[in-house]
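The values are calculated or read from the model by the stated rules, or taken from the named source; none is laboratory data. A quick note: this is a predicted structure, and the numbers were derived from the prediction, not measured. Here the Cβ positions follow ideal geometry from the backbone for every residue, glycine too, while neighbour counts run over all protein chains shown. For accessibility, only protein heavy atoms count, side chains too; no ligands or nucleic acids. Shrake-Rupley method; radii C 1.70, N 1.55, O 1.52, S 1.80 Å.
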Amino acid sequence: MAPLCFLLLLLGFSSAAEFYSSIGHMTELLHTEQDLLASLEDYVRAEEYKLEMVKRWARRLSNLSALAVRDPEVFLGHPVNAFQLLKRMNREWSDLESLVRSNVSEAFVSRLSAKREHLPGQDDQTGAAEALLRLQDTYQLDTDTLAKGQLPGTSALPSALTTDDCFDLGLAAYKDDDFYLAEMWMSQAIRQMERPAGQPLGISPVTILDYHSYTLYKLGDLERALESTKKILELDPQNQRAKDGLRYYEHELANPKSDKAVPVTQRVHPTSYNASTYKRLCRGDNVELTALKQSRLFCRYYDNQRHPNLVLAPAKEEDLWDLPRVVRYYDIASDDDMERIKEMARPTLSRSKVRNNANNSNQASRVRVSQNSWLGNYQSPVVTKLINRAGYITGLDMTTAESMQVANYGVGGLYEPHIDFQGKEVANPYPDLGTGNRIATWLLYLSNVQAGGATVFPRVGAVAWPIKGSAVFWYNLHPNGEGDHYTQHAACPVLVGSKWVANTWLHERGQEFRRRCHLLSPAELGFASDSAHWNDA
């Protein structure tokens, strides 16, 4: 089978499962690729052997024919030569034809076909491209740094983007109408294209320049759009699209007061939260704590009023924020326990979803890129032990808690700012559970993360970085049962690493005598005045 056919076969693959939303799930692809590579190497060796046999035949025949044609009659007058000629023409050329026609690629193609449903599809490639663009935007990375793969904690990894890769990222931004990032990546592709050995393999330089020119036009930069168009005509003087563009740009630049206004596409991504604050916190630009704020934050050994399970081994408690109170507990789970949790969750990981209140359904969304799995609180001694430990420390009833949700974040995985409770517009929160609203959240980190992946609270400025084995806890509801919107939080995009978490949502039922209610409103209790925006903290 010709190489082009192999390419078409690969492009025709469809993916039965999503990969890019879980690093843990993607690890399977490395083993699949190794298996395919071994099969490919077998195929290459078979093709090389086949070609060597044909070359050997050609060399032998070439030497023989050179001697024979000098005096054909004398040559064929020898009966051995006559016999061999007839034999060659009758059988050996047929054998050679069979050898040339033989398809040594069948084993490789068969193995490739068997792996079809286990390979990623176009949605995975698009999702990964969008993830890189999201990382660039959130962490303010320049294209050259990202193209060279120079990210925190990755010095030993040989990771760099090719010219084709840069074009694909620019194309992903272009399709998302983000012409700002599209222009940056098209420019990066052009710079790399002009370097030695930087010529693109799957796309023509003219196409890259064409996209670059158009993105500059959409940004209102006609002078640079004109320059890029001229480069197209240097490579392809008969390019009609470039000729038309050249005339248009020259006319617009020569007549700046032309009635035909140049469209300028603004880079606008509306959100339901303060995106700039959220991204600043993700980058580590935390609020600088005042003396008053620092005086409210402590570290301590905590035994929850001498709870029997904490007297000899009290919890290591650290205040991360005071209002709303966010605390971290260290050394909650052992390495063995955490590996066991991940091992149980892996087989049932599936794309995490968000609630669509418009049609009352759950659906995948780019605001939440991860895969999750649910573990029953009593399906394994390890899960039960960790759930009970959360109860010992918080003092809350865990019998009405939801099952443990284990999540693994994918390429640039994140969960944009959200709240964990249902607002007062919902008369009966979580009716299927019948246990009231989510009173609190217990978030256990099952891994460290080399860069990114923080849990941030944009409305107050609190930040919790992933620390393996630690758990972060906060109340979602005020003592009078109203939701505390200052607990809005987010999982920042994972820049480098694989982030695993296990969270448990605790519900109101069963807490009546463990966290007593107040009839006063949050404002009357003083929560509102102390929970001012973090810029004022």
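Please determine whether any residue of the range 420-439 is modelled with pLDDT of 95 or more, over 23 Å from residue 303 (Cα atoms), outside any loop (DSSP other than H, G, I, E, B) and open to solvent by 20 Å² or more (accessible area, probe 1.4 Å).
Looking for residues that are modelled with pLDDT of 95 or more, over 23 Å from residue 303 (Cα atoms), outside any loop (DSSP other than H, G, I, E, B) and open to solvent by 20 Å² or more (accessible area, probe 1.4 Å), one finds at least one in the range 420-439, hence yes.
Restricting attention to the range 145-178, report how many residues are part of a helix (DSSP H, G or I) and either open to solvent by 40 Å² or more (accessible area, probe 1.4 Å) or touching a strand residue (DSSP E or B) at 6+ places or on another chain (Cβ under 9 Å) (or both).
Initially, the range 145-178 is screened for residues part of a helix (DSSP H, G or I), giving 145-147, 163-175.
Within this subset, residues satisfying the condition of being either open to solvent by 40 Å² or more (accessible area, probe 1.4 Å) or touching a strand residue (DSSP E or B) at 6+ places or on another chain (Cβ under 9 Å) (or both) are 165, 168, 174-175.
The total comes to 4.
For the range 97-109, what are the residues that are part of a helix (DSSP H, G or I) and either among the β-branched types (Val, Ile, Thr) or exposed (fewer than 11 other Cβ atoms within 10 Å of the Cβ) (or both)?
Within the range 97-109, 97, 98, 100, 101, 109 meet the criteria.
Can you tell me how many residues in the range 404-419 are open to solvent by less than 50 Å² (accessible area, probe 1.4 Å) and not in a strand (DSSP E or B)?
Of the residues in the range 404-419, 0 are open to solvent by less than 50 Å² (accessible area, probe 1.4 Å) and not in a strand (DSSP E or B).
Going residue by residue through the range 59-78, is there one that turns out to be closer than 26 Å to residue 43 by Cβ, open to solvent by 70 Å² or more (accessible area, probe 1.4 Å) and out of contact with any Asp or Glu (no Cβ under 8 Å at 6 or more places or on another chain)?
Within the range 59-78, one or more residues are closer than 26 Å to residue 43 by Cβ, open to solvent by 70 Å² or more (accessible area, probe 1.4 Å) and out of contact with any Asp or Glu (no Cβ under 8 Å at 6 or more places or on another chain).
For the range 361-403, name all the residues that are over 18 Å from residue 24 (Cβ atoms), among the aromatic types (Phe, Trp, Tyr) and either open to solvent by less than 30 Å² (accessible area, probe 1.4 Å) or without any contact (Cβ under 8 Å) to a residue 40 or more places away in the chain (or both).
Listed by number, the list holds a single entry, 378.
Hey, can you tell me all the residues within the range 486-520 that are over 23 Å from the mean Cα position of the chain (by Cα) and under 22 Å from residue 386 (Cα atoms)?
504, 505, 506, 507, 508, 509, 510, 511, 514, 515
Scan the range 328-347 and report the pairs whose first residue is within 20 Å of residue 302 (Cβ to Cβ) and charged (D, E, K, R) and whose second residue is open to solvent by less than 50 Å² (accessible area, probe 1.4 Å) and modelled with pLDDT of 95 or more, with Cβ atoms within less than 6 Å and a gap of 6+ or a chain change.
Cβ pairs passing all conditions: 328/318; 328/320; 328/470; 328/472; 331/469.
In this structure, does residue 208 turn out to be open to solvent by less than 40 Å² (accessible area, probe 1.4 Å), within 20 Å of residue 241 (Cα to Cα) and of a type outside the set (S, T, N, Q)?
Answer is yes for this residue.
Go through the range 480-537 and count every residue that is under 28 Å from residue 134 (Cα atoms), loosely packed, with under 14 Cβ neighbours inside 10 Å and at pLDDT 75 or above.
Number satisfying all stated conditions: 0.
Just one of (1) open to solvent by 80 Å² or more (accessible area, probe 1.4 Å); (2) among the hydrophobic types (A, V, I, L, M, F, W, C); (3) over 30 Å from residue 409 (Cα atoms); (4) modelled with pLDDT under 75 trips up residue 10, so point out which.
Going through the list (1) open to solvent by 80 Å² or more (accessible area, probe 1.4 Å); (2) among the hydrophobic types (A, V, I, L, M, F, W, C); (3) over 30 Å from residue 409 (Cα atoms); (4) modelled with pLDDT under 75, residue 10 breaks only (3).
When the range 287-312 is examined, which residues are found to be open to solvent by 70 Å² or more (accessible area, probe 1.4 Å), at negative phi and not in a strand (DSSP E or B)? Show your work before the answer.
Here is the first cut: in the range 287-312, the residues open to solvent by 70 Å² or more (accessible area, probe 1.4 Å) are 288, 291-292, 294, 296, 298-301, 305-306, 308-309, 312.
Among the residues that remain, those that are also at negative phi are: 288, 291-292, 294, 296, 298-301, 308-309, 312.
Correct list: 288, 291, 292, 294, 296, 298, 308, 309, 312.
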